[in-house]
Every structure is written in C-alpha cells, then in structure tokens.
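Working notes, beginning with the structure itself.
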Amino acid sequence: MKKTIILLLAVCFSVVSFAQTQLDSIQYLDVIELSDIKLKAFTNTQTVLKLSDSIIKKGNPLLTHLLNNNSTIYFKENGYGMVSSPSFRGTTAQQTAVIWNGININSQLNGQTDFSTVNTKLFDNIDVRSGGGSVLYGSGAIGGSIHLNNKIAYNNTDSHYVGVNYGSFNTINSTYKGHFSTDKLSINANVSYLKSDNDYDYVDSNKSNLNGQFYSNTIGLNLGYKFNDNNIIKAYSNFYDGQRHFSLQLPTETPSKYKNRDSRNLLEYVGLFGGFTSKLKVAYLTESYKYFSNIERDDYTDGGVNTLILKYDLSYKLGDNITINPVLDYTQNTGEGSSIGKVKRNVTGFNLLFKQEVTSNFLYEITTRQEITDNYKSPFLYSLGLKYDISDAYTITLNGSKNYRVPTFNDLYWQSGGNLDLKPETSYQLELGNTFTFKTVDFSVTGFYNDITDMIRWLPTTTVWRPINTDHVKTYGVEAQLNATHYFGKNQLTLTSNYAYTISEDQQRNAQLIYVPYHKATATLGYNYKRLSAYYQYVFVGEVFTQSDNNPKYNIDAYYLSNLGIDYTLGKKKNITVGAQLNNIFNHNYQSVLGRFMPGTHFNTYLNFNF
C-alpha cells in the first residue's frame, strides 16, 4: 500500500504541474472560504438546512440539543449530556455521517458520532444535509450528514468574542473566539470549556439523576495564507478532551465513567490555474477512549484509532456551465484496543463528479465512487440529481443514489465475536423535492424512499454475540420546511418550522424500527425590536417503539417541549448581549430512551461580548 501512497502523491503533483501550464486567467477566491466546497457545489438537488452563527451562540452548546430543537432528526439520549445517537430519516446512528470541514469524523470503532461530545460553539455554521451522500462523504452518509464548518476570511479585521453561560445543575460554559486577518493572512483561535453537575430531579418523582456529571475542553485553530491570488494554504485543527460519568438507572448500580480524547488536523493546498482548481488535502485524525466500569477502581478498557487521509481534487470548469471534478483519495486506519488487537485498514477511492447547467433554470449533477480495499468488497456508488426552476416561485428537484456503510473495527475485529466476512450495508435512495418561494415565505416539501440491505446487527449465536448481515429495511416518508418573515414598523416576526413523517420498516418482521417516531415537528417563533430579541420554541416527538416486535406495552409516550428565550443588546456599538432561556417551561415528564428520564424546567443565562 506504500506504493499506492507514492503513486497518489505523484499523480497529485504532476496534475498540479500540468494545471500551471494551462494558466490563462486569474480566478479570485471569495473573501470568506469554507473547506467543504463540495457541500455547495454538488448539493443542488437535495435539502440543506443551515444553522447560522447567531443561532449557535444562543443555544445549548451540545450538538444534540441544537439539532433536536431545529431539525427533524430524532435523538436517543441516555439522559441529559449522556450518550446521544441520531435517527435521520428512520436510519441508525451509524448511518448518519458527521463531517468536519469536509472530512468524515465518524468513529472507526463503532461507526458513529456521539452528539453529546460535540461543542457547537467552536463552529461558524452548521449544515444539515438530508439524504444519501456516500459518494461525497464516505461511509455512513445514508440517512443524511451533519456538517461542522469553520470559515477562513481575508477581510482585514481584528475581532474577538467571549461568551459565558450559566444554567441549572451548575452548568457552566465559557467560549472564546478570536479572528485576525489581513488581505493575505487569516487566523482563527477558539477555546471552549463546559462542565455540569447534571444532578437534576426527575419530574413527578422523588428521585434524581445520579452519577451524571461531565466536563469537556475543546480547542480549535484555523489558519489561512494566500501566497498570491492563485496559491493558498489552509490548516484546520481541533482537539477535544472530555470525561462523563454515566447516569445510573438504579442507585444500587456500580457507578462508571468514560474518558475520551479526539484530535483532528487538516492541511489543504489550493491552486487556481485558469479553469482548473487544484486541491491537495492531508488529514490526520485520532480517537481514543478509556472506560472505567467502576469509578472507585483504576481498571479500565480502552481503544483507539489513528487515521491518515490523503486526497487530491481537481475541478475544471468547461465554460460557464460545466464542471468536471475527478477526486483520488487514500485512507489508512490503524487501531488497537483491549478487545480488538492491533489492526490496519487501507482504502483507495476513485471519484468522478460532473455538473452541467443546461439552461439558466435547469441543471443536473452526476457523482460516482469506487473503492479498493482488502477488508471488504466495496460496492460501486453513484448519485444522479436534477433541478428545474419551473418559475421564480417554484423549483422541483429529483435525486437518486446508491450509498453504503462499511463494517466498523468492532464489527470486524472484536476478539469475542468479530466477523471478517461482513459485507458493507448498501442502500438505494430516491427523493423528490418541491420548493415554493414567495416574497417573505419559503416552503419546501420532500418525499423520500430508501431501501437498505445487508444491515449489520449483533445477534446471539451459540456462545457469543456476533455481527451478521441480516436486516432488510425500507424507510420512506415526507419532510417539510417553512420559513416566513413579516415586518411591521421596526418590529420583525419570523417563523421557522420543520416536520417529518417517517416509516422505517424491518421487512422480515414487518414492524417499525425501534426508536424511530412516525412524527417529529419543531417550530420557532421569533420577535425582534431594535435591541430586543425573543423567541418561543416548540418540539413535538411522537411515541416510539422500544421492542423489535412493536409491543405497545413498552412504548415511550409522545412528548412535547416548549422553550422561551429573550436577550437584549447593550453598548453604543451593540457589542454586549445579555440573555436568558427557560427550557421545558411546562415541566413535562419525558424520556427519549426507556428508563432514561430528562430534566424538567431548567434555565440558561448568557453574556456575550464582541470587541
């Protein structure tokens, strides 16, 4: 495989050299750049929900709660701040990809991201991309993908943000974000600290959340330097260190805790040469954990994976309306732990992306991917999307794709039950979108269908549990989004709403998958007047099954949550914001995982400085 790396680098630099000889004009980058350009360039035919910096600064720092309150994704939370996993369009946690500045960061050990370990305060915006995206973002992008984005701006500014939050259960979050830039250099430094005693009382009970305390430290540094208008280098870095005690269901249980450290580093060179855009990326990711089954003892189990990613991306604009984009990448995962031994996986991928704007109101995009690896037989992946603007007010989109999820290190190599004969999960997906745009109202409705085969499940055998390709699941449903704005005088009203109806059926049992509600809806009504801002937020989640046979005796009841928030801006330059939030204002007793109760009414206050 070393030869593969050498060949990959040789091809990269030879193509760069070729592109330099084709220089016939200068292309200027935008003042603000994102590393994940593919999200904008090749996601014209699927729904993308954008969460801005202003929403992130006001909300709960945990990614779980930001998305639970603002999207149709359902989250299974083992208590507040505990392990949290999503169900996106009726799929599993391993079938939702989390993308950090264009790089898939799902764990190589268990195939998913714990959304309670992601602190949103360090990102400039967060995008929720619905539907299949495995060609662009790799394994797991079946139900959808979550994009954590940092900006690099060359705008000759020197700005700083400090945010301090204090809330119920002695929850403290402090964040610093600094930006310095010239017309050539950009530096962004981010630091955030979060801790909570997390000892809330259960609603309608004399019990409380025991052994639920947690803390985390997150540091980010993003750099950009423009040698000239044609040669730019960028670097992104993120480090996370956290510890959580796992909440007890019974006081007699043995308290446990979990420590994990993750680092992400990305170096990117961008060259602009005539119609060519040449990008070389090198990423190095690490993940490691220690699990203490008894917090009073020093014994623990552990595991970790180091990942090296090399990617060369050459985009060529053939005129104003055709983009051709081949991508060559290589990934090496090296893992070791208490239960998997030392293992290695090498994957080489070949991508081809094509987009044509046939007319001013019609475009189509085609993407393909083929991987080569010794660990499993990888399927050929593809996606075809169409977008047609029927009028200024109505747009229709159609997208079909084949996606996949590869077996994780635990699936393949777990010493007491790993299965080296596993095949990747595959899915065939189709969606039809309709978007209506008026002066102050945007409304979209999307129907989707997803056929997933070879789903991996851990099942009991004669002596141990083993992962097996067994399940065949079909998911289908409807999603809707509404955004409306109304002005009267100096007053502004905004309404943002999402709704999803989802059926996710196990074809063998003819039953809905566990922890997939048929209905989920969110709505936020906002009000702004000069320096004053306020909102009312509503979240509804329908009942869910917790047993594979859909026995209603063990269902989790439907629940709703209502939250209120208000803030006021101070200072001549409007650079100080003081705010407060009251969550679950009706003290509703609810749980999203059976037996794992969530907090009742609780508050959060914040003070933000911009200077």
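The values are calculated or read from the model by the stated rules, or taken from the named source; none is laboratory data. Since this is a predicted model, take the numbers as computed values, not measurements. All Cβ positions, glycine included, derive from the backbone under ideal geometry; neighbour counts span all protein chains shown. With ligands, DNA and RNA removed, areas are computed over all heavy atoms of the protein, side chains included. Shrake-Rupley method; radii C 1.70, N 1.55, O 1.52, S 1.80 Å.
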For segment 73-126, accessible area per residue (1.4 Å probe, heavy atoms of protein chains only), Å²: 15 Å²
By how many nm would the segment from N361 to N231 grow when fully extended, if each residue of separation counts as 0.36 nm and the alpha-carbon distance is taken off? 43.5 nm
Suppose R0 equals 22 Å; then what is the FRET efficiency for Y527 and D442 from their Cβ-Cβ distance, rounded to the nearest 0.05? 0.70
Roughly speaking, what is the stretch gain from N587 to K259, that is 0.36 nm per residue apart minus the C-alpha to C-alpha distance, in nm to one decimal? 114.9 nm
Hey, rough spin-label estimate for A393 and V282, points 7 angstrom out along Cα→Cβ, what's it come to in nanometres? 5.5 nm
Can you tell me which of 186-197, 285-296 comes out highest on packing, and rank the rest after it, using the mean Cβ neighbours within 10 Å? 186-197, 285-296
Surface share of carbon and sulfur [accessible, 1.4 angstrom probe, percent] for the chain: 57 percent
With both partners inside the chain, how many of the DSSP beta bridges are antiparallel, as a percent to the nearest 5? 100 percent
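Could you order the peptides 501-507, 374-380 from most to least packed, using the average number of other C-beta atoms within 10 Å per residue?
Packing proxy ranking, top to bottom: 501-507, 374-380.
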Which lysines have a Cα lying under 20 Å from the Cα of K151, excluding residues fewer than 8 positions away in the same chain? K38, K40, K50, K57, K58, K121, K177, K184, K226, K234, K279, K281
Along the Cα→Cβ direction, 7 angstrom out, place labels at K553 and I187. What is the inter-label distance in nm? 6.5 nm
Place a point 7 Å from the Cα of K342 in the direction of its beta carbon; the residues of segment 285-303 whose amide N falls under 20 Å from it are 285-290, 301-303
Pseudo-spin-label distance K574 to T373, built 7 Å along Cα→Cβ, given in nm, is 4.9 nm
The rounded separation in angstrom of the Cα centers of segment 34-54 and segment 142-187 is 18 Å
If you count the DSSP beta bridges with both ends in segment 221-350, what percent of them are antiparallel, to the nearest 5? 100 percent
Taking the Cβ-Cβ separation of N434 and H160 as r and a Förster radius of 41 Å, what is the calculated FRET efficiency to the nearest 0.05? 0.40
Estimated [θ] at 222 nm from DSSP helical runs (n ≥ 4, -39500 (n - 2.57)) normalised by residues in the chain, nearest 500: -2000 deg cm²/dmol
Based on alpha-carbon centroids, what's the gap between segment 485-554 and segment 427-464 in Å, whole number please? 16 Å
For segment 316-361 and segment 205-265, compute the distance between their C-alpha centroids and round to whole Å. 27 Å
How high is the FRET efficiency from K50 to S416, r the C-beta distance, R0 30 Å, rounded to 0.05? 0.10
Which labelled figure in (i) 136; (ii) 268; (iii) 157 is volume of the Cα convex hull per residue in Å³, once derived from the coordinates: (iii)
